[in-house]
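In what follows, a structure is listed as structure tokens, so that the remarks can point back to it.
The values are calculated or read from the model by the stated rules, or taken from the named source; none is laboratory data. Quantities reported herein were computed from a predicted structural model and do not represent experimental measurements. Every residue, glycine as well, gets a Cβ built from its backbone with ideal geometry; the counts of neighbours run over all protein chains shown.
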2 protein chains.
Amino acid sequence: MSKKLSTEAYKGVRDFYPEDMAVQNQIFTIWRNVAEKFGYQEYNASVLEPADLYRAKSGEEIVNDQTYTFTDRGEREVTLRPEITPTVARMVAARKRELGYPLRWYSIPNLFRYEQPQRGRIREFWQLNVDIFGVDSLQAEIETIQMAYEITKAYGLTDADFEIRISSRKILNHITQTLFGLDFEKSQKLLKLTDKKNKLPTDVFTATAEGILGDVPEGKKIKQFLTLLNSQNFEEFTQNLQQSAEEHEGIRETREVLQALEKLGITNARFDQTLVRGSDYYTGIIFEVFDKNPLNRRSVFGGGRYDDLLDLFGGEKVPAVGFGAGDVIARDLLETYGKIVKPESSFPADIYICLMNKEVAEYAQDVAQALRGKGKRVALDYSFRKIGDQIKNANKIHIPNIICIGEEEVKTGNLKIKNLATGNEESYKL
Amino acid sequence: MSKKLSTEAYKGVRDFYPEDMAVQNQIFTIWRNVAEKFGYQEYNASVLEPADLYRAKSGEEIVNDQTYTFTDRGEREVTLRPEITPTVARMVAARKRELGYPLRWYSIPNLFRYEQPQRGRIREFWQLNVDIFGVDSLQAEIETIQMAYEITKAYGLTDADFEIRISSRKILNHITQTLFGLDFEKSQKLLKLTDKKNKLPTDVFTATAEGILGDVPEGKKIKQFLTLLNSQNFEEFTQNLQQSAEEHEGIRETREVLQALEKLGITNARFDQTLVRGSDYYTGIIFEVFDKNPLNRRSVFGGGRYDDLLDLFGGEKVPAVGFGAGDVIARDLLETYGKIVKPESSFPADIYICLMNKEVAEYAQDVAQALRGKGKRVALDYSFRKIGDQIKNANKIHIPNIICIGEEEVKTGNLKIKNLATGNEESYKL
């Protein structure tokens, strides 16, 4: 081995040194606490899934271009999971009859996206996933949105810093399919375009929408479409949409969710007709938590109802609502809002034992074990350097207290626990 | 989608339903508690690593045949990590100068082994990895063996159920290279054979060893080799090995470790000259915890010193000692020794709220939030089935207490928390 090996991680993934891992654990703890407070149980599965699981709803192109998919020696096509919703649907479908409903599950999986190398995007990330199965009523949406709200607050954001955007696939499909008579393919195209509305120049958006709507000579549909998209609020939108005395189901549901959230004290939710969400499997209410901070305007959480996904596995229907939240944005938010854990507050041990020489090692180990028995986390310095250097190391790795052991201490058994910050000493006898 | 999707997981991996995840978390907690008691800090890295990281010490064949390795679109060869020691070596090497020593790190990574499909072996598993860097002296071995001992005890084993086997690569290399004058390749062959001694018929073992030693006409070496391997204990072995008045370094080190462990109260450690351990990177003391239960005689933990591994990345030497422990065997042991967590003891919520109808949902949500505010984990039944069926579900998912809410409760605000096991009721007012 004359050639030196590189210490670099694989492109697009992260190493978690202890100080990074402390932040990951801080995020995971926020997620866990809220999920468990609402009675959700943790599950997990392998990173490896049959590629077919994603083909069904994502299409061949996405599986081939945006996921890590390869063929194993048993000629099986295997994918590193890009999301966990298909997995949880598979697991629930497998035990559909045995499970008790409402079923509340959460998981913190690592997920993989095969982004184009040059874009420098992250290829492995962690995500909280919360799902509730077996609930037809809007209580499922209300509960999961409430959880997303509580997690966002735990990141350090105030109500003014973010908003919860609510939309409905039923309304969107009603517009594209019933109102404008588009077929499924064109409907999907118009929705994907709508999703990008805020990122496109107005004229490009309008021209593309016109093309999809196919009413260039008259221009009636595009006018109606733009009126709907530009409605300033939910009431204006419903008035612009309303064709008859009877309220559309999607409108009724959206109204009910918005009202329920307000009653729960969540006042920063609003209807957003341009919210589409990427995944094809959504069937009803969809939502996202949006960070309004001018520096990082972006989606923090996203989710919705997907009542048909379990149909892929056959058998009876199982209604489902879920959402996901990523670790990268969580870390950014904790940093932005000053909530990130500091290295000195996540010290690796309570007491650091400095050893004068090798002869005291046995005694020092006994002291360490005795202190561990009392619930202390204890590390020993086995470098046998000068005591001053050992204390420097305790400071460096943020251990708050030290005990120095030499021949004197072994003989008398009189030990002193010294706090490095205050200089205070406490006596201790083995 | 007329064809039904399979609900099966990918071959050789496991789904973790909440009852399985509870056991995983039980195992992880045992691991974490011991690691943190000894002042170890958690780190992690991606599942994806450059394939070159494993080629250096494992060889082309192993990387190609026993790991998941594939080429990405950037023409990079990437491997799903089969172990984390090369990763931790890479990470420490990358920040060698900045880190404080002794450096104590642990991780609970998921690892991947591409076993032959027909053998039905597990392809993804979790493993505790504990490593201490920067300690030249045997204190590093003593500490890590002590941790392995404590974890084994936490699995429920008594001292009589297991033994800690200790060997030394220095002794093994001394025998094969100095005593018998074998070159590196033949030395490795003889060690790999020794590792399988207990699994091979005596005559096959002897004939193969004879072939490697290459002294068929005389038979002196094989006789000496068998005498060494058949020595009944450490003292007999050292007498059989001793060539001069001066004690071999490996012998001295092994003696020191055995004595130190005994002084720490660990009396079930013993020297085992047939212990080799698979990995090529070990350089000194090696050890394993061995379960003596006749039903599952096997290695529970394995580790040792690997002082040269960081050399691959260049720069100064960093001595290192570490061990690994797998989740599959941990689960088996917890089951065997009756320590496994029961589903009813890991209930998903403290209180289950049963709702008479949709009209009481808003009030029930307020009750749930108030109880959550007091630290209770609360789940609501949104099925709107008969109350009896809702209570059945609470029992099924092991939630110990219920509150039933109907119009009466909304009107009066008088609630009753009922314990399902005892029937006891407690009054509660919002």
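Against the conditions (1) away from chain A (no Cβ under 12 Å); (2) more than 23 Å from B:E316 (Cα to Cα); (3) of a type in the set (V, I, T); (4) within 16 Å of the chain's Cα centre (by Cα), B:T158 satisfies every one except (4).
Residues checked against (1) crowded, with 22+ Cβ neighbours inside 10 Å; (2) touching a strand residue (DSSP E or B) at 6+ places or on another chain (Cβ under 6 Å); (3) closer than 18 Å to A:G413 by Cα; (4) not assigned by TED's automatic domain parsing to the domain that holds A:N424:
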{"residue": "A:C354", "(1), (2), (3), (4)": "yes, yes, yes, no"}
{"residue": "A:A364", "(1), (2), (3), (4)": "yes, yes, yes, no"}
{"residue": "A:V367", "(1), (2), (3), (4)": "yes, no, yes, no"}
{"residue": "A:G375", "(1), (2), (3), (4)": "no, no, no, no"}
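When the residues of segment A:159-181 are filtered to those that are at pLDDT 95 or above and not in a helix (DSSP H, G or I), the one that is surrounded by the most Cβ atoms within 10 Å (Cβ to Cβ) is A:S168.
Among residues that are assigned to a loop (DSSP other than H, G, I, E, B), more than 7 Å from chain B (Cβ to nearest Cβ), surrounded by fewer than 21 Cβ atoms within 10 Å (Cβ to Cβ) and out of contact with any Cys (no Cβ under 7 Å at 6 or more places or on another chain), A:E19 is not included. Screening A:E235, A:E218 for residues that are at pLDDT below 95, among the acidic types (D, E) and under 25 Å from A:G302 (Cα atoms) leaves exactly one candidate, A:E235. The number of residues in segment A:104-148 that are among the β-branched types (V, I, T) and facing chain B (nearest Cβ under 7 Å) comes to 1.
The numbered conditions (1) within 15 Å of B:G304 (Cβ to Cβ); (2) touching an Asp or Glu at 6+ places or on another chain (Cβ under 7 Å) are all true for B:N268 except (1). Check segment B:26-41 and report whether any residue there is touching a residue at least 24 places away in the same chain (Cβ under 8 Å), among the polar types (S, T, N, Q), surrounded by 20 or more Cβ atoms within 10 Å (Cβ to Cβ) and under 17 Å from A:L80 (Cβ atoms). No, the conditions are met nowhere in segment B:26-41. Restricting to segment B:90-103, name every residue that is part of a helix (DSSP H, G or I) and at the interface with another protein chain (Cβ under 7 Å from one of its Cβ atoms). Passing the criteria: B:R90, B:M91, B:A93, B:A94. Restricting B:K396, B:K418, B:K411 to those that are exposed (fewer than 12 other Cβ atoms within 10 Å of the Cβ), free of Cβ contacts under 8 Å to residues at least 24 places away in the same chain and on the phi < 0 side of the Ramachandran plot reduces the list to B:K411. The requirement of being at pLDDT 95 or above, charged (D, E, K, R), outside the structural domain of A:K386 (by TED's automatic domain parsing) and surrounded by fewer than 17 Cβ atoms within 10 Å (Cβ to Cβ) is not satisfied by A:E288.
May I ask you to verify whether A:Y106 is closer than 17 Å to B:E19 by Cβ, in contact (Cβ under 8 Å) with a residue 24 or more places away in the chain, hydroxyl-bearing (S, T, Y) and in a loop (DSSP other than H, G, I, E, B)? So A:Y106 does not fit the description; no. Residues in segment B:70-84 that are crowded, with 21+ Cβ neighbours inside 10 Å and either farther than 30 Å from A:R73 by Cβ or among the polar types (S, T, N, Q) (or both): B:T79 only.
Of all the numbered requirements in (1) more than 8 Å from every other protein chain (Cβ to nearest Cβ); (2) within 19 Å of B:F125 (Cα to Cα), B:E77 misses one, and that requirement is (2).
Pick out, from segment A:319-423, the helices (runs of 4 or more DSSP H) lying fully within it that include 1 or more residues that are facing another protein chain (nearest Cβ under 10 Å). Talk me through it step by step, then tell me what you get.
Values: elements: A:327-336, A:361-373, A:387-396, A:407-412.
In segment A:319-423, A:361-373, A:387-396 are the helices (runs of 4 or more DSSP H) which contain 1 or more residues that are facing another protein chain (nearest Cβ under 10 Å).
Checking each residue in segment B:352-384 for being under 20 Å from A:D136 (Cβ atoms), under 45 Å from the mean Cα position of the chain (by Cα) and without any contact (Cβ under 8 Å) to a residue 24 or more places away in the chain picks out B:Q365, B:A368, B:S383. Within segment B:1-12, the set of residues being buried (at least 19 other Cβ atoms within 10 Å of the Cβ) and within 7 Å of chain A (Cβ to nearest Cβ) comprises B:L5, B:T7, B:A9, B:Y10. Taking the residues in segment A:26-45 that are within 7 Å of another protein chain (Cβ to nearest Cβ) and of a type in the set (S, T, N, Q) as candidates, determine which candidate is nearest to A:Y106 (Cα to Cα). Ranking the candidates gives A:Q41 first. Among residues of segment A:244-270 that are within 13 Å of chain B (Cβ to nearest Cβ), those with a Cβ under 6 angstrom from a residue that is surrounded by fewer than 19 Cβ atoms within 10 Å (Cβ to Cβ), sequence gap 6+ or separate chain, pair up as A:K263/B:E362. Being surrounded by 16 or more Cβ atoms within 10 Å (Cβ to Cβ), within 10 Å of another protein chain (Cβ to nearest Cβ), over 29 Å from B:V34 (Cα atoms) and acidic (D, E) is a property that does not hold for B:D65.
Per the conditions (1) of a type outside the set (S, T, Y); (2) at pLDDT 95 or above; (3) out of contact with any Phe, Trp or Tyr (no Cβ under 7 Å at 6 or more places or on another chain), the sole criterion not satisfied by A:F184 is (2).
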